[in-house]
Amino acid sequence: MNKKGYTTESGGRQNGFANEPEINPISEGESIKSLLLFIGILLPVLIGGYYYLKTLDIF
């Protein structure tokens, strides 16, 4: 964090640092990696849930 002298919400200062860290937007590559990871986790859960429900003879 840098010492730009951000103030807190109430107008006070906390050692010259902001209460919240700076917002660094994620890059396109990180966005794609996150999406692939999310799909990679979601697919096995959905497939496992489908087969689990199939064993319960609901369908």
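All of the numbers you see were taken from the coordinates with simple rules; none came from a lab. None of these values were measured; they are calculated from a predicted model. Using ideal geometry, Cβ is built from the backbone for each residue, glycine included, and neighbour counts are taken over all protein chains shown.
For region 33-47, in order, what is each residue's ³J(HN,Hα) by Karplus, 6.51 cos²θ - 1.76 cosθ + 1.60 with θ = phi - 60°, in whole Hz (x at glycine and Pro)?
4, 5, 5, 5, 5, 4, 5, x, 8, 5, 4, x, 5, 5, 5
Treat each spin label as a single point 7 Å out from the Cα along the C-beta direction, and report the Val45 to Ser27 distance in nm.
If labels sit at Val45 and Ser27, their model points lie 2.8 nm apart.
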